[in-house]
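**Student:** Pasting in a structure now, in structure tokens, and then I'll have a few things to ask.
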Amino acid sequence: MVTSMETKDRQGFFGNWGGAYIPEVLHQTFQELNTEFRRCKNDPLFWQEYVDLMSTYSCRPTPLTHAENLSQYFGGAQIYVKREDLNHTGAHKANNVMGQGLLVKRMGKKRVIAETGAGQHGVATATMAAKFGLKCTIYMGEEDVRRQRPNVFWMEKLGATVIPVTDGSRTLKDAINEAFRDWVTNVDDTHYVLGTVCGPHPFPEMVAWFQSIIGLEAAEQIIRYHGRMPARIFACVGGGSNAMGIFKRFIPETTVELVGVEAGGLGIATGAHAARLSGTDGSPGVAQGYKTMFLQDSDGQMKETHSVAAGLDYVGISPILTDLWEQGRVRFESATDNEVMAALDLTMKKEGLIPALESSHAFVQAFKEAPQLSPADAIIINMSGRGDKDIFTIAHAFNDPSWQDFIIKRGLEYSQKK
Amino acid sequence: MQLEQQLRDRLKNKDILLMTHIVLGYPSFEINRQVIRQMVANGVDCIEMQIPFSEPMADGPVIVRANQQALKNGTTVAECLIFAAEMAASYDIPFLFMTYYNIIFKYGEKAFLAKAHEHGIKGCIVPDLPPEEAASFLQLAADYQIAPILIFAPTSIDERMRVLASYANGFIYCVARRGVTGTKSVIDQDVADYLKRCRQATALPLAVGFGIQDRADVAALIGLADMAVIGSQTIRLVDEQGPAAVGPFIAGLR
Ligand SMILES: Cc1ncc(COP(=O)(O)O)c(C=O)c1O
């Protein structure tokens with residue numbers, strides 16, 4: 001009996017990482033999902049349908065902007081910014097969600113669920129559900145509901161039900177657990193639109209495939225504007241979907257250095273961060289359906305993480321990125337909350353661009369490295385999302401006094417009416 | 001074979017066996033001790049002891065909260081192992097571990113199973129470890145005579161059940177319905193049909209769990225399965241009425 005296991009399928013592994021550690025109830029659904037995903041991936045018409053949808057409903061191809069002022073300011077490499085902020089709903093999350101939406105239509109499921117941290121993925125999923133006529137439930141940690149109220153407002157306005165999750169640390173990982181609990185209960189008519197390149201196979205591969213549209217466009221664009229491949233590419237890494245999206249096309253281009261930037265939070269030494277691969281706090285584990293490097297204690301209990309950016313505040317990381325890190329193909333760095341606020345401020349002042357707090361992590365590292373390179377080199381920063389949508393969070397992080405006055409006055413107005 | 005034989009021996013003079021569930025360290029090891037004493041005194045046939053995990057994905061609200069509270073109390077894996085040894089040495093019924101794979105992975109599969117064996121544990125339920133990911137775990141479980149308890153679900157097609165059964169030992173844990181632990185299950189014709197399919201797929205004893213709460217549920221399973229699993233219900237009972245309520249509750253189930 002046991003010997004037949006030797007020939008077993010190591011499906012969904014990237015080197016030592018990944019797999020599908022799922023409860024038995026979901027086995028059949030994953031079989032169906034794998035079959036349908038395989039079919040779509042092998043069908044060029046499906047990819048064309050996806051590209052068409054993204055160019056008519058979202059804003060693809062998104063521009064590659066030459067940040068001339070920042071390039072000059074740092075006096076090193078030419079800095080280019082891939083503008084995922086210009087997607088409909090304001091972040092790269094839309095790519096994955098619309099792709100999975102097409103898949104859901106093919107599978108004939110009538111309901112979608114999703115987890116969300118910052119709320120970007122939740123808003124994108126609620127948008128897709130509205131467009132495709134699907135019922136939609138979003139799980140969001142209570143702590144994130146508090147931090148990201150405006151996104152909750154939009155999800156509800158778009159017709160989704162938002163369920164605050166009160167278990168555990170009440171953040172992204174707990175929302176993922178709760179989404180899985182819904183899925184095992186409603187598996188027959190429901191698809192779980194996982195928001196990043198994590199979770200059980202085939203999600204990492206599938207989400208990376210949909211997001212790879214970013215890098216495919218960026219490669220063409222950089223050749224057009226700069227004449228050759230960039231020296232380095234920078235992307236922030238929560239679960240890793242925007243990073244995998246821009247990196248994938250460039251992995252075979254060995255001269256291009258790929259840099260993932262994790263949340264350094266209050267500083268790696270403080271323990272209040274979400275740095276799984278940079279630094280030495282991460283260790284191998286299996287949770288939420290996959291094997292990767294987690295922030296956990298020696299018993300295997302997951303730790304609390306911290307970041308100013310809710311979208312990076314997560315204990316795990318894509319098994320694909322962990323493999324690329326282990327192979328030395330992707331380098332990992334971290335940026336602290338304070339560095340992030342400074343980079344965001346500079347980017348607004350110099351370029352009139354407002355990156356999301358998540359994306360600003362990539363800007364921090366790019367700004368550190370740009371001066372080391374020559375003006376004949378190019379670097380690309382993936383601007384995974386826009387920050388102006390998160391005005392409450394960013395104004396709070398800047399501790400802006402006139403914004404606080406405004407909120408206090410508005411609050412008084414509302415409470416007088418009540 | 002050992003666990004299966006123990007259960008078969010007990011089935012000789014009972015219509016159906018009872019398995020109960022404990023979350024170690026919740027509300028405390030001392031209460032665990034009192035609860036287990038009453039369970040055994042009132043005829044429980046098998047006890048699964050859950051080593052708490054921070055991400056109990058397959059569990060419902062009652063057990064999730066118990067896991068979290070146990071961890072907040074500072075419960076460690078090492079303490080759970082010591083406690084398990086004490087229980088297995090004290091009572092003449094089979095004790096099992098139930099936990100999520102990361103706990104075993106972190107401890108080291110070999111070290112964990114060796115310890116479990118040494119402490120007199122008979123089986124291990126790992127709801128997030130399907131056989132596809134379990135090659136080394138299954139091999140080591142066989143080496144250390146720990147029965148790997150595999151899970152059937154209502155969504156498992158016949159062919160899948162046969163595959164699962166080929167790796168299983170001790171008994172099969174049949175999840176009564178889709179969903180997580182805790183919510184009441186109704187033992188209706190659908191469940192009966194499902195359990196017939198389970199029976200055809202394996203010669204191992206069948207345990208049925210998820211939402212089995214009272215005497216009527218247990219009675220409804222007689223003839224369909226070999227063991228009823230009471231999980232969240234005793235935890236709820238201890239929360240509401242304290243450990244002394246467990247004995248009469250268990251005694252009233254059969
Ligand atoms: C704008 C933005 N960037 C990045 C992320 C992090 O996710 P990932 O690492 O999957 O790209 C998020 C997640 O919410 C996000 O909203």
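The values are calculated or read from the model by the stated rules, or taken from the named source; none is laboratory data. As the structure is a computational prediction, the values presented were derived from the model and not from experiment. Positions of Cβ are backbone-derived with ideal geometry, glycine not excepted, and every protein chain shown enters the neighbour counts.
**Student:** On the given criteria, is A:Glu339 modelled with pLDDT of 95 or more, under 30 Å from A:Thr254 (Cβ atoms) and touching a helix residue (DSSP H, G or I) at 6+ places or on another chain (Cβ under 6 Å)?
**Tutor:** yes
**Student:** Would you be able to tell me the number of residues in the range A:255-311 that are of a type in the set (D, E, K, R) and closer than 21 Å to A:Glu178 by Cβ? Working first, answer last.
**Tutor:** Here is the first cut: in the range A:255-311, the residues of a type in the set (D, E, K, R) are A:257, A:262, A:276, A:281, A:291, A:297, A:299, A:303-304.
Right, trim to closer than 21 Å to A:Glu178 by Cβ and you get A:303-304.
Qualifying residue count, the range A:255-311: 2.
**Student:** Looking only at the range A:329-340, count every residue that is part of a helix (DSSP H, G or I) and within 16 Å of the ligand (Cβ to nearest atom) and tell me the total.
**Tutor:** Total satisfying the criteria: 2.
**Student:** Can you find even one residue in the range A:313-328 that is within 13 Å of the ligand (Cβ to nearest atom), within 14 Å of chain B (Cβ to nearest Cβ) and touching a Cys at 6+ places or on another chain (Cβ under 7 Å)?
**Tutor:** Yes, the range A:313-328 contains at least one residue that is within 13 Å of the ligand (Cβ to nearest atom), within 14 Å of chain B (Cβ to nearest Cβ) and touching a Cys at 6+ places or on another chain (Cβ under 7 Å).
**Student:** Could we say that A:Gly300 is away from the ligand (no atom under 16 Å from the Cβ), within 14 Å of chain B (Cβ to nearest Cβ) and either out of contact with any Ser or Thr (no Cβ under 9 Å at 6 or more places or on another chain) or not in a helix (DSSP H, G or I) (or both) here?
**Tutor:** Yes: the conditions hold for A:Gly300.
Yes or no, residue by residue, for (1) under 19 Å from A:Ser241 (Cβ atoms); (2) buried (at least 21 other Cβ atoms within 10 Å of the Cβ); (3) hydroxyl-bearing (Ser, Thr, Tyr):
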{"site": "A:Ile113", "(1), (2), (3)": "yes, yes, no"}
{"site": "A:Ala126", "(1), (2), (3)": "yes, yes, no"}
{"site": "A:Gly141", "(1), (2), (3)": "yes, yes, no"}
{"site": "A:Asp144", "(1), (2), (3)": "yes, yes, no"}
{"site": "A:Arg149", "(1), (2), (3)": "no, no, no"}
{"site": "A:Phe153", "(1), (2), (3)": "no, no, no"}
{"site": "A:Thr171", "(1), (2), (3)": "yes, yes, yes"}
{"site": "A:Thr185", "(1), (2), (3)": "no, no, yes"}
{"site": "A:Asp189", "(1), (2), (3)": "no, no, no"}
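**Student:** Quick check on my filter: what residues within the range B:2-37 are at pLDDT below 95 and within 24 Å of B:Gln145 (Cβ to Cβ)?
**Tutor:** Taking the range B:2-37 first, the residues at pLDDT below 95 are B:2, B:13.
Hit for the range B:2-37 is B:Gln2, nothing else.
**Student:** Here's a follow-up. Can you tell me which residue within the range B:147-162, out of those that are assigned to a loop (DSSP other than H, G, I, E, B) and free of Cβ contacts under 8 Å to residues at least 24 places away in the same chain, is surrounded by the most Cβ atoms within 10 Å (Cβ to Cβ)?
**Tutor:** Per the stated criteria, the residue is B:Ser156.
**Student:** Taking A:Pro164 as meeting all but one of (1) assigned to a helix (DSSP H, G or I); (2) more than 15 Å from the ligand (Cβ to nearest atom); (3) out of contact with any Cys (no Cβ under 8 Å at 6 or more places or on another chain), write down the number of the exception.
**Tutor:** The failed condition is (1).
**Student:** Go through (1) more than 12 Å from every other protein chain (Cβ to nearest Cβ); (2) free of Cβ contacts under 8 Å to residues at least 60 places away in the same chain; (3) of a type in the set (A, V, I, L, M) and name the single condition A:Val308 misses.
**Tutor:** (2)
**Student:** Does B:Ile82 meet the test of being closer than 16 Å to B:Val238 by Cα, of a type in the set (Val, Ile, Thr) and more than 12 Å from chain A (Cβ to nearest Cβ)?
**Tutor:** When the stated conditions are applied, B:Ile82 does not pass them.
So that you can scan it fast, the table gives a plain yes or no per residue for (1) assigned to a loop (DSSP other than H, G, I, E, B); (2) facing another protein chain (nearest Cβ under 9 Å):
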site	(1), (2)
B:Asn102	no, yes
B:Gly120	yes, no
B:Ser136	no, yes
B:Gln145	yes, no
B:Gly170	yes, no
B:Gly179	yes, yes
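**Student:** I've got another one for you. Which members of the range A:88-105 meet the condition of being aliphatic (A, V, I, L, M) and within 14 Å of the ligand (Cβ to nearest atom)?
**Tutor:** A:Ala91, A:Ala94, A:Val97, listed by residue number.
**Student:** Given (1) more than 12 Å from the ligand (Cβ to nearest atom); (2) closer than 30 Å to A:Val25 by Cα, where does A:Thr171 come up short, assuming only one miss?
**Tutor:** Failing condition for A:Thr171: (1).
**Student:** How do the pairs read when you match residues in the range A:140-169 that are touching a residue at least 24 places away in the same chain (Cβ under 8 Å) with residues anywhere that are polar (S, T, N, Q), using Cβ under 6 Å and keeping only pairs 6 or more apart or on different chains?
**Tutor:** A:Met140/A:Thr116; A:Gly141/A:Thr171; A:Glu142/A:Thr166; A:Glu143/A:Thr171; A:Asp144/A:Thr171; A:Leu158/A:Thr127; A:Thr161/A:Thr137
**Student:** With respect to A:Ile320, is the statement that it is buried (at least 17 other Cβ atoms within 10 Å of the Cβ), assigned by TED's automatic domain parsing to the domain that holds A:Thr65, part of a helix (DSSP H, G or I) and under 16 Å from the mean Cα position of the chain (by Cα) true?
**Tutor:** Against the criterion (buried (at least 17 other Cβ atoms within 10 Å of the Cβ), assigned by TED's automatic domain parsing to the domain that holds A:Thr65, part of a helix (DSSP H, G or I) and under 16 Å from the mean Cα position of the chain (by Cα)), A:Ile320 qualifies.
**Student:** Return yes when A:Val112 is outside the structural domain of A:Glu351 (by TED's automatic domain parsing), within 15 Å of the ligand (Cβ to nearest atom) and over 30 Å from A:Asp377 (Cβ atoms) and no when it is not.
**Tutor:** no
**Student:** Now for a separate question. Of all residues in the range A:361-371, how many are in contact with a Gly (Cβ under 6 Å, 6 or more places away or on another chain) and either surrounded by fewer than 19 Cβ atoms within 10 Å (Cβ to Cβ) or under 18 Å from A:Asp313 (Cα atoms) (or both)?
**Tutor:** Going through the range A:361-371 one residue at a time, the tally reaches 1.
**Student:** For A:Lys109, are the conditions met, namely being touching a Gly at 6+ places or on another chain (Cβ under 8 Å) and either over 25 Å from A:Asp313 (Cβ atoms) or assigned to a loop (DSSP other than H, G, I, E, B) (or both)? Steps first, please.
**Tutor:** Numbers: touching a Gly at 6+ places or on another chain (Cβ under 8 Å): no; either over 25 Å from A:Asp313 (Cβ atoms) or assigned to a loop (DSSP other than H, G, I, E, B) (or both): yes.
For A:Lys109, the condition - touching a Gly at 6+ places or on another chain (Cβ under 8 Å) and either over 25 Å from A:Asp313 (Cβ atoms) or assigned to a loop (DSSP other than H, G, I, E, B) (or both) - is not met.
**Student:** Also: Counting only residues that are crowded, with 22+ Cβ neighbours inside 10 Å and in contact with a helix residue (DSSP H, G or I) (Cβ under 7 Å, 6 or more places away or on another chain), give me the helices (runs of 4 or more DSSP H) lying completely in the range B:200-254 with at least 1 of them.
**Tutor:** Counting at least 1 such residues, we get B:232-241, B:246-251.
**Student:** How about the range A:174-273: which helices (runs of 4 or more DSSP H) wholly inside it have at least 2 residues that are within 14 Å of the chain's Cα centre (by Cα) and away from the ligand (no atom under 11 Å from the Cβ)?
**Tutor:** Here the list reads A:203-211.
**Student:** Please specify each residue of the range B:105-121 satisfying the condition of being in contact with a strand residue (DSSP E or B) (Cβ under 8 Å, 6 or more places away or on another chain) and surrounded by fewer than 24 Cβ atoms within 10 Å (Cβ to Cβ).
**Tutor:** Residues of the range B:105-121 that are in contact with a strand residue (DSSP E or B) (Cβ under 8 Å, 6 or more places away or on another chain), as a first pass: B:105-106, B:113, B:116, B:120-121.
B:Phe105, B:Lys106, B:Gly120, listed by residue number.
**Student:** Let me ask something additional. Residues in the range B:61-75: is at least one β-branched (Val, Ile, Thr) and either farther than 20 Å from B:Pro243 by Cα or in contact with a Cys (Cβ under 6 Å, 6 or more places away or on another chain) (or both)?
**Tutor:** no
**Student:** Further, regarding this structure: From the list B:Phe112, B:Phe137, B:Phe95, B:Phe105, which residue is over 22 Å from B:Leu24 (Cα atoms) and modelled with pLDDT of 95 or more?
**Tutor:** B:Phe137
**Student:** Related question: Here is a check on your reading of the model: is A:Ala118 outside any helix (DSSP H, G or I), within 16 Å of the ligand (Cβ to nearest atom), away from every other protein chain (no Cβ under 14 Å) and touching an Asp or Glu at 6+ places or on another chain (Cβ under 8 Å)?
**Tutor:** On the way: outside any helix (DSSP H, G or I): yes; within 16 Å of the ligand (Cβ to nearest atom): yes; away from every other protein chain (no Cβ under 14 Å): yes; touching an Asp or Glu at 6+ places or on another chain (Cβ under 8 Å): yes.
So A:Ala118 passes the test.
**Student:** Filter the range A:269-297 down to residues that are within 12 Å of B:Asn102 (Cα to Cα) and away from chain B (no Cβ under 12 Å), then give me how many there are.
**Tutor:** Number of matching residues: 1.
**Student:** Let me ask something additional. Can you name every residue in the range A:342-374 that is away from the ligand (no atom under 16 Å from the Cβ) and closer than 19 Å to A:Leu266 by Cβ?
**Tutor:** Correct list: A:Ala342, A:Asp345, A:Lys368.
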